[in-house]
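Below is one structure, written out as structure tokens; the observations come after it.
The values are calculated or read from the model by the stated rules, or taken from the named source; none is laboratory data. Remember, it's a predicted structure, so these values are computed and weren't measured experimentally. FYI the Cβ positions are ideal-geometry reconstructions off the backbone, even for glycines, and counts take in every protein chain you see.
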Amino acid sequence: MKKRWTLAHLEDRAMRTIMQLASLVLVGVLAAILVTIFIRGLPFLDLDLITKTPQGGFFLGGEGGILNAIVGSLLLAGGGTLLALFISLPIAFGINVYTGASRLASLLRMALDVLWGIPSLVYGAFGFTIMIAFGMRASLGAGILVLTLLQIPIMVRSMDEVMRMVPSELSQAAYSLGATRLEAAWSVLVRQALPGLVTAVLLAFGRGIGDAASVLFTAGFSDRIPTSLASPSASLPLAVFFQLGSPFPEVRGNGYATALVLTVLILFISMLSRFLARRLSRNVIR
Amino acid sequence: METQIKIRDLNVYYNKVHALKDINLDLPRGQITVIVGPSGCGKSTLLKTLNRFHDLADDTQVTGHVELDGVDLYAPDVEVTEVRTKVGLIAQRPFPLPMSIFENVAYGMRIHKLARGKELRDKVKHYLEVAGLWDEVKGRLNTPARDLSIGQQQRLCLARGLAVEPEVILGDEPTSSLDPISAKFIEERLEELKKDYTVVLVSHVLRQARHLADYLVFMYLGEVVEAGPAEQVLSAPKNDRTRAYLQGEFY
């Protein structure tokens, strides 16, 4: 019964060290990014920046703020998320309730995985091609549509994963009470998976609000807050991009401050999703 | 004895596996039928034909007839959700729905529009009383059902099943996941329920079969070897395999 150092012990110890180092790298990178943005952006973050639109020569160091990009990004990502939800939920239902383990379901899953992997720039270019064919100009509406396409695979696959985790006995309990497939899906699948579904929606929102390439061609950029779906819209990632490329130090500073705003927004969303998930899991069967 | 469930030439195939072979049975009304047999003999498969649960699996094929009071449950014009309200099921492990205790019992009545308002509340209370759970949960009807103990959960599932007003109650080893006291409690409930319902149980506990069964079915390798009034089968089995099983030579 005496303690010995065998190969198995060494492997165990080595594995744990590797795991700790890997985690450290992850946390370190996040911390480095946050610190950089905070140090460089915080001095330039003031009320004007988040409450005013760009005035004349803002990108050359003039007066104004990035309210156009904040509102634009919220509209783009919000609209995209809403549209994506209307398309994603039926697909996720379809895969899990109606087609089961069929070939159609695995085909859909593969298609979604491929769509997930396509770079957002390609979505943007695709949207741009369509727009040219119809003689449309860059607009909030077009940006929302392309973001919807970008968000659907993320949303469906995340929903799909949480729905697959729901034990089949739970749906069977509803079926044994005479529920139809739709009744069982709403009352059991959605309730049981609700925390995960909310996370899926907010994950897609996060992807949408953080993406620059897909809205570059399709939503364009504007110093004004969009007044209709047909007017072009600014977005935070593009605002960061344009400002960081500037030769003027104060404009670059504003760029970091803009990045800070975007990061705080995303941080807020992920905290909100965790909070909601915990609140909504009150009735979840474990 | 009056027959309520009549099974004729019933065959079930899982993919290519022939799971049930030419089953013919007459199950009595208002009694407890217990289906016994070694693991994998088709007990649960037979039980699931009675509420058309095999409809849910694409790779399972059912042929033959199951008649409930003269109506063939597998006839093309029969609504499957109605079959499942008439023939309730208590599963092996309790799975409460992801809702409150009250909503679990109200759920079936809501989807079938059986009651609402005060009537609904009264019925929920009634069925919780029948299942012997009311006194334990009356002060916390709106708390999540998952917080109940597993024995309480199984009684909740019983109340939930009774609330849609079935005529037949199926039990797929409904006590096998429970502690002895909870199991005894469920057994007592089932004995009381046979006054108003026909009960069909699957059991691999011989003691339970001896204790509860009015009518006994012994299955082996997908076939019914012997079926009859429990007293008769238990005391004087006609078939050698039945005798060997009852004497505990295999299980």
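When you go through A:265, A:280, A:202 one by one, which is the residue that is within 30 Å of residue A:64 (Cβ to Cβ) and part of a helix (DSSP H, G or I)?
Values: A:280 fails: within 30 Å of residue A:64 (Cβ to Cβ); A:202 fails: within 30 Å of residue A:64 (Cβ to Cβ).
The match here is A:265.
In a residue-by-residue description of region A:108-126, the property of being under 23 Å from residue B:58 (Cα atoms), loosely packed, with under 15 Cβ neighbours inside 10 Å and within 14 Å of another protein chain (Cβ to nearest Cβ) applies to no position. Of the residues that make up region A:248-257, is at least one surrounded by fewer than 20 Cβ atoms within 10 Å (Cβ to Cβ) and among the basic types (Lys, Arg)? Yes, some residue in region A:248-257 is surrounded by fewer than 20 Cβ atoms within 10 Å (Cβ to Cβ) and among the basic types (Lys, Arg).
In the set (1) crowded, with 21+ Cβ neighbours inside 10 Å; (2) away from chain A (no Cβ under 12 Å), the condition left unmet by residue B:94 is number (2). Screening residue B:38 against (1) more than 14 Å from every other protein chain (Cβ to nearest Cβ); (2) assigned to a loop (DSSP other than H, G, I, E, B); (3) closer than 21 Å to residue B:193 by Cα leaves a single unmet condition, (3). For region A:263-286, the set of residues classified as within 12 Å of the chain's Cα centre (by Cα) and of a type outside the set (Val, Ile, Thr) consists of A:265, A:267, A:270, A:273, listed by residue number.
Of the residues B:233, B:199, the single one that is assigned to a strand (DSSP E or B) and either at pLDDT 90 or above or closer than 30 Å to residue B:86 by Cβ (or both) is B:199. Checked against (1) touching a helix residue (DSSP H, G or I) at 6+ places or on another chain (Cβ under 9 Å); (2) assigned to a helix (DSSP H, G or I), residue A:65 passes all but a single condition, namely (2). Counting the residues of region B:101-129 that are closer than 20 Å to residue B:185 by Cβ and either at pLDDT below 90 or touching a Ser or Thr at 6+ places or on another chain (Cβ under 7 Å) (or both) gives 1.
Beta carbons closer than 6 Å, at least 6 apart along the sequence or on distinct chains, pair a first residue in region A:228-239 that is surrounded by fewer than 20 Cβ atoms within 10 Å (Cβ to Cβ) with a second that is of a type outside the set (Gly, Ala, Ser) for A:229/A:140.
Residues considered: A:14, A:105, A:31. Of these, the only one that is farther than 30 Å from residue A:204 by Cβ and without any contact (Cβ under 8 Å) to a residue 60 or more places away in the chain is A:14.
Which ones in region B:129-156 are more than 27 Å from residue B:48 (Cβ to Cβ), assigned to a helix (DSSP H, G or I) and either away from chain A (no Cβ under 12 Å) or of a type in the set (S, T, N, Q) (or both)? If the condition is that a residue be more than 27 Å from residue B:48 (Cβ to Cβ), assigned to a helix (DSSP H, G or I) and either away from chain A (no Cβ under 12 Å) or of a type in the set (S, T, N, Q) (or both), then B:129, B:134, B:135, B:136, B:137, B:138, B:139, B:140 are the ones that fit. Among the residues of region B:109-167, write down those that are surrounded by fewer than 18 Cβ atoms within 10 Å (Cβ to Cβ) and polar (S, T, N, Q). Within region B:109-167, B:142, B:143, B:149 meet the criteria. Take residue A:174 and tell me if it is in contact with a Phe, Trp or Tyr (Cβ under 9 Å, 6 or more places away or on another chain), more than 9 Å from chain B (Cβ to nearest Cβ) and either acidic (Asp, Glu) or farther than 22 Å from residue A:272 by Cβ (or both). No.
The listed residues are A:108, A:60, A:83, A:10, and the only one of them that is of a type in the set (A, V, I, L, M), out of contact with any Cys (no Cβ under 8 Å at 6 or more places or on another chain) and under 30 Å from residue A:268 (Cβ atoms) turns out to be A:83. Anything in region B:157-180 that is away from every other protein chain (no Cβ under 11 Å) and farther than 21 Å from residue B:209 by Cα? List them, or say none. Passing the criteria: B:159, B:167. Entry remark, region B:60-91: residues being facing chain A (nearest Cβ under 8 Å) and either touching a helix residue (DSSP H, G or I) at 6+ places or on another chain (Cβ under 8 Å) or in a loop (DSSP other than H, G, I, E, B) (or both) number 5 in total.
In region B:109-126, the qualifying residues are those that are under 11 Å from residue B:163 (Cα atoms) and outside any helix (DSSP H, G or I), and the one that is farthest from the other protein chains (Cβ to nearest Cβ) is B:115.
What is the residue count in region A:163-190 for residues that are in a helix (DSSP H, G or I) and under 14 Å from residue B:111 (Cβ atoms)?
We begin by selecting, within region A:163-190, every residue in a helix (DSSP H, G or I); these are A:163-165, A:168-175, A:181-190.
So of that shortlist, the ones also under 14 Å from residue B:111 (Cβ atoms) come out as A:171, A:173-175, A:181-188.
Residues that pass the stated criteria total 12.
Specify which of the listed residues (A:64, A:135, A:143, A:57) is at negative phi and assigned by TED's automatic domain parsing to the domain that holds residue A:245. Break it down into steps so the answer makes sense when it comes.
Working: A:64 fails: at negative phi; A:135 fails: at negative phi; A:57 fails: at negative phi.
Going through A:64, A:135, A:143, A:57 in turn, just one is at negative phi and assigned by TED's automatic domain parsing to the domain that holds residue A:245: A:143.
Scanning region B:174-213 for residues that are more than 20 Å from residue B:3 (Cβ to Cβ) and hydroxyl-bearing (Ser, Thr, Tyr) turns up B:175, B:176, B:177, B:182, B:203. Looking at region B:170-188, which of its residues are surrounded by 18 or more Cβ atoms within 10 Å (Cβ to Cβ), over 13 Å from the mean Cα position of the chain (by Cα) and either touching a residue at least 60 places away in the same chain (Cβ under 8 Å) or not in a loop (DSSP other than H, G, I, E, B) (or both)? Listed by number, the residues that qualify are B:182, B:183, B:185.
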